[in-house]
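Asker: The structure is given below, and queries will be raised subsequently.
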Number of protein chains: 2
Amino acid sequence: MSLPLPSAHAVRDLRAAIAAWRADGLTIGFVPTMGALHAGHIALVDQALARCDRVVASVFVNPAQFAPGEDFDAYPRTLDADAAKLAGAGCHLLYAPSAREMYPDGFATTISLSGPAEGLESAARPHFFSGVATVVAKLLNQVRPDAAVFGEKDYQQYLVIRRLAADLDLPVAIEAGPTVREADGLALSSRNVYLSPEDRRRAARLNVILADFARALAAGRLADEAEADALEAARASFDGVDYMTARCADTLAPLGPGAVDRPARVLGAVRLGSTRLIDNRAVSPAG
Amino acid sequence: MSLPLPSAHAVRDLRAAIAAWRADGLTIGFVPTMGALHAGHIALVDQALARCDRVVASVFVNPAQFAPGEDFDAYPRTLDADAAKLAGAGCHLLYAPSAREMYPDGFATTISLSGPAEGLESAARPHFFSGVATVVAKLLNQVRPDAAVFGEKDYQQYLVIRRLAADLDLPVAIEAGPTVREADGLALSSRNVYLSPEDRRRAARLNVILADFARALAAGRLADEAEADALEAARASFDGVDYMTARCADTLAPLGPGAVDRPARVLGAVRLGSTRLIDNRAVSPAG
């Protein structure tokens, strides 16, 4: 396979490339992905490039974060197109390890988190954050970047990884990259390709409901009332609602029922047919 | 507190000292301990010194690896004496963090292992290796040594940490240091101070039983017969036997009932009053 930018498929090759950069005193940025890259991922690469001398992007569809019956087999795999997009963005190295490289025979380690990993995504996907935390710890130890950038679209994941890096004393800055949206407000996601044309139109409602929810809280509306409204709107628009809630922006701890008095985040997960969409929005506390 | 060698109690100070050594191109060895140092620990420091330019020893009695009712509160704490011994051995830096430095508010991460962490010590202490793996991952990320040395007396722990480092892609050589023994063969252990004079005399039987067990296997005796003999001898000598068994030396997988045909290890855990002792011996396969 010939790719339009330097690439490594084994940890050894990755480390050799990075060691050469380190020997030149260069800083390293890192953007871990599962491939099927879109403009949201490229914005993360741009953010890493703005901060670091060299940027590594990984493409690895991590089996450990999919449960049986989830879309591991169906997950879009588009390595050639991903490499072209990364090369176009100015990314310096593509790291695309095999599952065997990441999880050789005898692999025995699992990292799990309480705190920000509890509830929300974990309710629907109990092993998801263990799979994410374990692979991200591995990738961060393989790349040893100065900074790693994660999409804010997966806000809970970002907080989990920030916690993971702090708890395990990984000397890396964990940065969040703003969500990139379609013209109608739908957050870019590799899973949007699963949507039928009709579901694609309905999907845009998720962002509208979350934006209304955030605006109501910022205007001083009681949290339990605003949440009830958002939940009702989501139920009317989608085939199922896994959650639609406002949480503390730093810890994802539940808020009280009253007006929001600290930085908060509204988060939603809904179902359209067999596709599951998530999104979130910042809330500024009412003055 | 004034200590007879440079010391750090915060990650920041530790990292500053190590960064200065790294800037000079020096290699770093690491010996993590729970303090109450004896000649076995000092042998690990010697081993690290033989391999690396600078050696850091940590002293941290890790609450996460003690269960309620175990000896966390009673565990001997002798920091001044430990520092004197480390200074005498030529150790370059003592790292003695507080529990709050290691586990600040909001700490949420646990590392657990299957494979070598299953059975043996885990049967009596189900959360032990999670506590060990989590704190060792933190310490290795804080120090980022080239090599870390662990006592072979805790053989299962050594295999767990070797697995942990491989699985999480920690770029560190995990070395085992040979067990140091008293004149009568008792393995040095910080917990030996708990033994009454009479129990101290009985304790030496553990090594004798394990050495006989290893010798029988090396001579070609069937594993299940040799194990039955060792178990009977241990039951006759001690107040309780948690395990007395032969395992695969690399994975701790059970051996078959026949003659040993690959590198093996005999391991035992026994109780003397309220004190628990462990020890182990290498077995060379019969020709």
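A short reminder: the numbers here are calculations on the coordinates, not readings from a lab. Owing to the predicted nature of the structure, the values given are computational and were not obtained by experimental measurement. As a convention, Cβ positions derive from the backbone with ideal geometry for all residues, glycine included, and neighbour counts pool all protein chains shown.
Asker: Report, by chain and number, residues whose modeled amide H sits under 5 Å from the one on B:A264, excluding near sequence neighbours (fewer than 5 apart, same chain).
Answerer: B:A249, B:V283
Asker: Could you identify the residue of A sitting closest to the A-B rotation axis by Cβ and state that distance rounded to whole angstrom?
Answerer: A:I111, 3
Asker: Note the distances from A:D184 to each other copy's matching label point, with points 7 Å along the Cα-to-beta-carbon direction, in nm, sorted shortest first.
Answerer: 8.3
Asker: Here's a follow-up. Using each residue's phi in the stretch B:195-201, evaluate 6.51 cos²θ - 1.76 cosθ + 1.60 at θ = phi - 60° and report the 3J(HN,Hα) Karplus result to the nearest Hz, with x for Gly and Pro.
Answerer: Once θ is set to phi - 60°, the couplings for the stretch B:195-201 become 7, 5, x, 5, 5, 4, 5 Hz.
Asker: Through the Karplus equation 6.51 cos²θ - 1.76 cosθ + 1.60, θ set to phi - 60°, convert the phi angles of the stretch A:217-226 into ³J(HN,Hα) values in whole Hz; use x for Gly and Pro.
Answerer: Result, ordered by residue: 5, 5, 7, x, 5, 4, 4, 5, 6, 4 Hz.
Asker: Moving to a separate point now. Using alpha-carbon pairs under 8 Å, 6+ residues apart, how would you state the relative contact order of the stretch A:19-103 in percent?
Answerer: Details: 113 pairs, mean separation 29.4, N = 85.
This gives 35 percent for the stretch A:19-103.
Asker: Using modelled backbone amide H atoms (1.01 Å from N, in-plane), which distant-in-sequence or interchain residues come within less than 5 Å of A:R181's amide H?
Answerer: Placed amide hydrogens put A:L188 under 5 Å from A:R181.
Asker: First measure r as the distance between the Cβ atoms of A:R271 and B:R181, then evaluate 1/(1 + (r/R0)^6) with R0 = 60 Å and state the FRET efficiency to the nearest 0.05.
Answerer: Values: r = 64 Å, r/R0 = 1.06.
That gives a FRET efficiency of 0.40.
Asker: Is there a simple number for the mean count of other chain Cβ atoms within 10 Å of the Cβ of residues in A:163-175, and what is it?
Answerer: On the way: counts 4, 2, 2, 5, 13, 9, 12, 4, 5, 0, 0, 0, 0.
Per residue, the average neighbour count from other chains is 4.
Asker: Per residue of chain B, what 222 nm ellipticity follows from adding -39500 (n - 2.57) for every DSSP H run with n ≥ 4, rounded to the nearest 500? Each step should come with its number before you reach the end.
Answerer: Details: 10 runs with 110 residues, N = 287.
Here the helix-only value at 222 nm equals -11500 deg cm²/dmol.
Asker: What list of ³J(HN,Hα) values in whole Hz, one per residue of the stretch B:180-185 in order, does the Karplus curve 6.51 cos²θ - 1.76 cosθ + 1.60 (θ = phi - 60°) give from phi, with Gly and Pro shown as x?
Answerer: Values, residue by residue: 9, 10, 5, 4, 8, x Hz.
Asker: If you take each beta carbon of peptide A:108-121 and count the beta carbons of other chains within 10 angstrom, what is the mean? Show your work: numbers first, answer last.
Answerer: Details: counts 14, 15, 8, 9, 6, 4, 5, 4, 2, 2, 1, 0, 0, 0.
What the average comes to for A:108-121 is 5.
Asker: Another question, then. Compute the label-point distances linking A:H9 to its equivalents in the other copies; points lie 7 Å from Cα along Cα→Cβ; give nm, one decimal, shortest first.
Answerer: Those separations, rounded to one decimal, come out as 5.3 nm.
Asker: Right, another one. When a/c reaches 1.5 or more, the comparison of a/b and b/c decides; with that in mind, is the stretch A:7-177 rounded, prolate or oblate per its Cα gyration tensor? Let's see the in-between values first.
Answerer: Numbers: a/c = 1.42, a/b = 1.33, b/c = 1.07.
It is rounded, given that a/c, with a ≥ b ≥ c, falls under 1.5.
Asker: Also: Within the stretch B:96-133, which residues have the backbone N less than 20 Å from the label spot 7 Å out from B:A10 along Cα→beta-carbon, could you tell me?
Answerer: Under 20 Å, as judged by backbone N against the label point of B:A10, lie B:96-107 of the stretch B:96-133.
Asker: Taking a label point 7 Å from Cα toward Cβ, how far is B:P254 from its twins in the other copies, in nm, shortest first?
Answerer: From this label point to the equivalent ones elsewhere in the assembly: 4.6 nm.
Asker: Once the Cβ-Cβ distance between A:E101 and A:T251 is put in as r, and R0 is 45 Å, what FRET efficiency do you end up with, to the nearest 0.05? List each step's numbers first, then the result.
Answerer: Values: r = 35 Å, r/R0 = 0.77.
With a Förster radius of 45 Å, E is 0.85.
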